[in-house]
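J.: Can you read through this structure? Questions will come right after.
The values are calculated or read from the model by the stated rules, or taken from the named source; none is laboratory data. Quick caveat, the model's predicted, so the values are computed rather than measured. Here the Cβ positions follow ideal geometry from the backbone for every residue, glycine too, while neighbour counts run over all protein chains shown.
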Amino acid sequence: VQVSADPDQGASLGTSPSALLLTVAAVARRIGVAPATLRTWDRRYGLGPSSHVSGTHRRYTAADLERLQAMRRLTLAGMQAADAARAVLHLGAHAGAALAPVLAGSTLPRTPPTSEPDPVDPAEEAEVPGWGAGMPDTDDLFADPQQRVLARAALALDQATVADVLWRSLRTTGVVATWEQLLRPVLVAAGRRWELTGEGVEVEHLLAHTTEAVLRSYAVGAPEPASGRPVLLSAVPGEQHGLPLAALAAALAEQGLGSRVLGTDLPVVAFVAAVRRTGPSAVMLWSHLSSTSGLEVLDAMPPIRPAPVVLTGGGGWPVEALPAGVCYASGLAEARDLVVSAVEG
Ligand code: B12
C-alpha cells in the first residue's frame, strides 16, 4: 500500500497510481486555479472528486486530476468553461492535449455555442494571475490572440501549453515570425514586470527554459557546412542571456544549416580553445548586457586560416567600438542571413 507524506493527501491510500488522493486545495495549487473554481466545476459540470475516504472530505484521484488539467488547458486556450467541460467529459483527459494546441491556432471552429453563456464567477475571473502593479491586463497588453494564449499560459506556469503554442507557431509561421511576433513581446513583458515589481522570476524562468528547449529540439539534426568548418554560437563571459542563440540555431536549421551552440557565460579560454579546435567558418557572439565583457573575447580571437566571419549581436556591444571586420547583426533574420552567406563563402 502506497502511503504518502504529503499533508494534502488522504491517510488511507489505495494501491495504484489512480489512487492518488488530493484535497481541493492541493489540486487547486497543482493546476493553478482557485479552490472556489474547482468547486464550481464540480457543482456545474460534474468534474468533481470521485473518491470518498470515510470520515474526511472527498478526495481527488489521479484520474480526476488529469481531467482537471485537461479542463485547465482548454480554458487557458480560450474555450468557454461549459464547452471545455463537455469536451473533457467526452474525450477524457486527452481532450487538453488534443484540442488546446488547435484552439491556440484558432483554426478549428470552437465548439458550437449550444450552451448558455456562463454566469460570471469571480473565482473564475481571477483564476489566471495578472502581471501585477503598473502593468496592463494581458488582453490590453497583447493585440494578438496567440500572444495572449502564450502570456496566460506562462503566467499560469502551464509549461505544456507554452510548449504547444511555440511548436504550433514554429510549424505554421517559422522561426523568425515566432521569435519576433510571438516570443519577444511576451519575453519583454515578463522582463518589464520583473523590472517594475521585482516579481515573476518563476514565470520568466519557465518561459525561457521552455523556449530554449523547444527551439533546440527544432534545430536538432540539421547538417553542418559541407566544408567541415562549423558555425559556432556563443554568449560572452558573464552573459546569462542565451535565447537569441537558440533562436538563431533554429532559424539556421530551418535553412538547412546546422550549428554548434556553446551556450552562455563561456570563459574566454574556452571560446579560444573551441575556435582553434574546430576552425569555424562563422562565429556569432551574443552580449545582452553592456556589463558583460565581449571585447575581451574579440581581442583573444586566435589567428586561424581561413579566418572565420565574426558576427556580434545583442544590446551589450559597443557597436561604434567594434574592431574592423567584425559585423553587428541587429536582428534574427539579419544574423541568419549573414551566417548563411559566410558559410556559402
Ligand atoms: C529571459 C531573461 C533572462 C533569463 C535568461 C535565460 C536564457 N536562457 O537566456 C535569466 C533569468 C537567466 C536572466 C538573467 C538576468 N537578467 Co534577464 N531577461 C530575460 C528577458 C525576459 C528575455 C531575454 C531575451 O531573450 N531577450 C531577447 C530579445 C527579446 O531582446 P530584445 O531586447 O528585444 O532584442 C534586441 C536586440 O537584442 C535584437 N535582437 C533580438 N533578437 C535577436 C536575435 C539575434 C540572433 C540577434 C543578432 C539580435 C536580436 O533586437 C532587439 C533590438 O535591439 C529580458 C527581457 C527583455 N526585454 O529582453 C530580461 C532582461 C534582459 N534581463 C535583465 C536583467 C537585469 C537580468 C539580470 C541582471 C537579473 C538579475 N538581477 O539577476 C540577470 C543577468 C545575468 C547575467 N549576468 O547575464 C534586464 C536587463 C536590463 C539592462 N538592459 O540592463 C532585462 C531587459 C529585464 C528588464 N526589463 O529589466 N534574464
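J.: Does residue 279 satisfy the criteria of being within 12 Å of the ligand (Cβ to nearest atom), modelled with pLDDT of 95 or more and of a type outside the set (S, T, N, Q)?
T.: On the way: within 12 Å of the ligand (Cβ to nearest atom): no; modelled with pLDDT of 95 or more: yes; of a type outside the set (S, T, N, Q): yes.
So residue 279 fails the test.
J.: Here is a further query. Checking the condition surrounded by 19 or more Cβ atoms within 10 Å (Cβ to Cβ) and in contact with a Ser or Thr (Cβ under 9 Å, 6 or more places away or on another chain), which residue from 234, 259 passes?
T.: Values: 259 fails: in contact with a Ser or Thr (Cβ under 9 Å, 6 or more places away or on another chain).
Of 234, 259, the one residue that is surrounded by 19 or more Cβ atoms within 10 Å (Cβ to Cβ) and in contact with a Ser or Thr (Cβ under 9 Å, 6 or more places away or on another chain) is 234.
J.: Still on this model: Do the conditions hold for residue 330, that is, is it of a type in the set (S, T, N, Q), at pLDDT 95 or above, out of contact with any His (no Cβ under 9 Å at 6 or more places or on another chain) and more than 9 Å from the ligand (Cβ to nearest atom)?
T.: Details: of a type in the set (S, T, N, Q): yes; at pLDDT 95 or above: yes; out of contact with any His (no Cβ under 9 Å at 6 or more places or on another chain): yes; more than 9 Å from the ligand (Cβ to nearest atom): no.
Considered against the rule, which asks whether it is of a type in the set (S, T, N, Q), at pLDDT 95 or above, out of contact with any His (no Cβ under 9 Å at 6 or more places or on another chain) and more than 9 Å from the ligand (Cβ to nearest atom), residue 330 comes out as no.
J.: Related question: Might you check whether a residue that is more than 8 Å from the ligand (Cβ to nearest atom), of a type in the set (S, T, N, Q), crowded, with 20+ Cβ neighbours inside 10 Å and within 18 Å of the chain's Cα centre (by Cα) occurs anywhere in region 178-186?
T.: Going residue by residue through region 178-186, those that are more than 8 Å from the ligand (Cβ to nearest atom) are 178, 181-182, 185-186.
Checking the rest, the ones that are also of a type in the set (S, T, N, Q) come to 178, 181.
Cutting the leftovers down to crowded, with 20+ Cβ neighbours inside 10 Å gives us 178.
Next, from what is left, pick out any that are within 18 Å of the chain's Cα centre (by Cα): 178.
Within region 178-186, one or more residues are more than 8 Å from the ligand (Cβ to nearest atom), of a type in the set (S, T, N, Q), crowded, with 20+ Cβ neighbours inside 10 Å and within 18 Å of the chain's Cα centre (by Cα).
J.: Residues of region 186-241 being assigned to a strand (DSSP E or B) and either more than 15 Å from residue 256 (Cα to Cα) or of a type in the set (Phe, Trp, Tyr) (or both), which ones? It would help to see each step written out before you state the result.
T.: The first filter runs over region 186-241 and keeps only residues assigned to a strand (DSSP E or B), leaving 231-235.
Once the filter is applied, which keeps residues that are assigned to a strand (DSSP E or B) and either more than 15 Å from residue 256 (Cα to Cα) or of a type in the set (Phe, Trp, Tyr) (or both), region 186-241 yields 232, 233, 234, 235.
J.: Yes or no: region 208-222 includes at least one residue that is touching a strand residue (DSSP E or B) at 6+ places or on another chain (Cβ under 9 Å) and surrounded by 17 or more Cβ atoms within 10 Å (Cβ to Cβ). Show your work before the answer.
T.: Of the residues in region 208-222, the ones touching a strand residue (DSSP E or B) at 6+ places or on another chain (Cβ under 9 Å) are 216, 219.
From the residues that got through so far, the ones that are surrounded by 17 or more Cβ atoms within 10 Å (Cβ to Cβ) too are 219.
Scanning region 208-222, I find at least one residue that is touching a strand residue (DSSP E or B) at 6+ places or on another chain (Cβ under 9 Å) and surrounded by 17 or more Cβ atoms within 10 Å (Cβ to Cβ), so the answer is yes.
J.: Sticking with this one: I'm told residue 262 meets every condition in (1) closer than 24 Å to residue 159 by Cβ; (2) outside any loop (DSSP other than H, G, I, E, B) except one. Can you identify the failing condition by its number?
T.: In the conditions (1) closer than 24 Å to residue 159 by Cβ; (2) outside any loop (DSSP other than H, G, I, E, B), residue 262 misses (1) alone.
J.: Sort out which residues of region 290-327 are within 11 Å of the ligand (Cβ to nearest atom) and modelled with pLDDT of 90 or more, and write them in order of number. Explain how you work it out, then say what you get.
T.: Applying the first criterion (within 11 Å of the ligand (Cβ to nearest atom)) to region 290-327 yields 290-293, 311-317, 319, 327.
Within region 290-327, 311, 312, 313, 314, 315, 316, 317, 319, 327 qualify.
J.: Also, quick follow-up: Every residue in region 191-204 that is surrounded by fewer than 21 Cβ atoms within 10 Å (Cβ to Cβ) and either near the ligand (Cβ under 6 Å from one of its atoms) or over 15 Å from residue 158 (Cα atoms) (or both), please.
T.: So the first thing to find is which residues in region 191-204 are surrounded by fewer than 21 Cβ atoms within 10 Å (Cβ to Cβ), and the list is 191-192, 194-199, 201-202, 204.
Listed by number, the residues that qualify are 191, 192, 194, 195, 196, 197, 198, 199, 204.
Conditions tested, residue by residue: (1) more than 7 Å from the ligand (Cβ to nearest atom); (2) among the hydroxyl-bearing types (Ser, Thr, Tyr); (3) closer than 19 Å to residue 175 by Cβ.
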site	(1), (2), (3)
208	no, no, yes
218	yes, yes, yes
224	yes, no, yes
229	yes, no, no
238	no, no, no
241	no, no, yes
244	no, no, yes
248	no, no, yes
